[in-house]
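Encoded as structure tokens, the structure appears first; notes follow it.
The values are calculated or read from the model by the stated rules, or taken from the named source; none is laboratory data. Since this is a predicted model, take the numbers as computed values, not measurements. Don't worry about glycine lacking a Cβ; one is built from the backbone with ideal geometry, like all the others, and counts go over all protein chains shown. The protein model used for the area step is the full one, side chains on, heavy atoms only, and it has no ligands, DNA or RNA in it. Shrake-Rupley method; radii C 1.70, N 1.55, O 1.52, S 1.80 Å.
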Amino acid sequence: MKNLQAYGIVMALAASLGGPLAAQGVPAPAAEESGFSADLKLHYAYTPQNRDQLHYDYQIIGVDFGLQTGLGRVGAEVGWLYKTGDGFVAPLPANPTNGKAPISRGFSGDARRNDLNGLLLRLSLSRPFLGGWTWQAGLQIGGTQWNQQYFGDTTGNYVASNPARWDWRDLYNGNLKGSYKGLSPYAGVKTEIGHNGALEFNLVVLNYQTKNYVHYAGTAGGGYKTFKNSSNVNVYNVSEQNDFPLDTFVTRKRYVPHFEIAYVYHF
């Protein structure tokens, strides 16, 4: 419901700003009077929601090309978005269901780190309204490729009847990359500052898809080899690295509103 509300706010803002267009007649900035314009844009955005172990903010650097038409300025921005995250400890997998000993929770761990980044395209329409202000609305395509780094080392409990001290040990690591191209609507206002600059204030509903690795404990495809220490004593049965054919991943779509400010430099 919150995601739908956020999307509605963006659409309502765009619609409400578009009403007074015909009545205003405010002249366009000088950079747009020639019909073509090019801008450098530096974006910073923030959300109060802490989702998916990602930071609250993101940054974009982009170059925007615009053409003044009868409808207003039609823009196309090409840029790069980066939204990083912090390392975190993920919940341990469920206990094996194949007869293996339960996970030794005190001797197991699963560390991960998520981030979003990627090339994006922003398509926009903007028109002047009120004195010195311009409204804009548009759609961002891409810029939200998902990346998850993970490293797991899970161990089964001690089993007295087993020749090894620990029943099993799973070793797995990797980097999950998503290919989802999110469609993120946005709307806001812009005001000129000085001769070559402007500030934008936007509400962006950032759309991305998570991709989380799921490990099934105690399921090494090639079985487990007994590891002995320097004293030739059995310590544990260990898997080959990443030899887990049953492991998979789950995906979820997100719609997270962000408040964005951008500095615009007119070439």
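Points to keep in mind about this one:
- Note on segment 161-267: dipole from Cβ charges, positive end direction compared against TYR180, ASN196, VAL256; the farthest Cα belongs to TYR180.
- Whole-Hz Karplus values for segment 58-73 come out as 9, 10, 9, 10, x, 10, 10, 10, x, 9, 7, 10, x, 7, x, 7 Hz, taken residue by residue from phi with 6.51 cos²θ - 1.76 cosθ + 1.60 and θ = phi - 60°; glycine and proline positions read x.
- The chain, accessible area per residue, ligands and nucleic acids excluded (1.4 Å, Å²): 50 Å²
- Length-normalised contact order of segment 202-244 in % [C-alpha pairs under 8 Å, at least 6 apart]: 34 percent
- Centre separation in Å (Cα based) which lies between segment 194-264 and segment 48-116: 9 Å
- For segment 87-140, averaging the sequence separation of C-alpha pairs within contact (under 8 Å, six or more residues apart) and dividing by the residue count gives a relative contact order of 28 percent.
- Helical content alone sets the calculated 222 nm signal of the chain at -2500 deg cm²/dmol, taking -39,500 (n - 2.57) per DSSP H segment of four or more residues and averaging over every residue.
- Relative contact order computed over the chain (Cα-Cα under 8 Å; 6+ residues apart), in percent: 20 percent
- In this structure, ASN175 and ILE61 have a Cβ-Cβ separation that, at R0 = 22 Å, corresponds to a calculated FRET efficiency of about 0.35.
- Pairs from the table (LYS100/LYS228; LYS83/LYS253; LYS100/LYS225; LYS190/LYS211) lying more than 24 angstrom apart at Cα are LYS190/LYS211.
- Ordering 206-217, 190-201, 256-267 by mean Cβ neighbour count within 10 Å, with the highest value first, yields 206-217, 256-267, 190-201.
- Surface composition of segment 72-122: carbon plus sulfur atoms contribute 64% of the solvent-accessible area (1.4 Å probe, protein chains only, all chains present).
- Against the chain, whose longest principal axis comes from its Cα atoms, helix 2-18 is set at around 10 degrees.
- Dipole magnitude of the chain about its Cα centre (Cβ charges: Lys, Arg +1; Asp, Glu -1), debye to nearest 20: 740 debye
- Karplus (6.51, -1.76, 1.60) ³J(HN,Hα), θ = phi - 60°, over segment 92-101, in Hz, Gly and Pro reported as x: 5, x, 5, 5, x, 10, 10, x, 6, 5
- Per-peptide packing, taken as the mean over residues of other Cβ atoms within 10 Å, places 80-90, 243-253, 125-135, 146-156 in the sequence 146-156, 125-135, 80-90, 243-253 from highest down.
- The apolar share of the surface of segment 200-267, taken as the fraction of accessible area on carbon and sulfur atoms (1.4 Å probe, ligands and nucleic acids excluded), comes to 55 percent.
- Positive-end extreme of charge dipole, the chain - chosen from LEU125, VAL89, ASN114 (charges on Cβ): VAL89
- The equivalent ellipsoid of segment 191-267 has semi-axes of 56, 18, 9 Å, largest first, where each one is the square root of 5 times an eigenvalue of the Cα gyration tensor.
- Here the chain is treated as a Stokes sphere of Kirkwood radius computed over C-alpha pairs; at 4 °C and 1.567 mPa s its diffusion coefficient rounds to 60 µm²/s.
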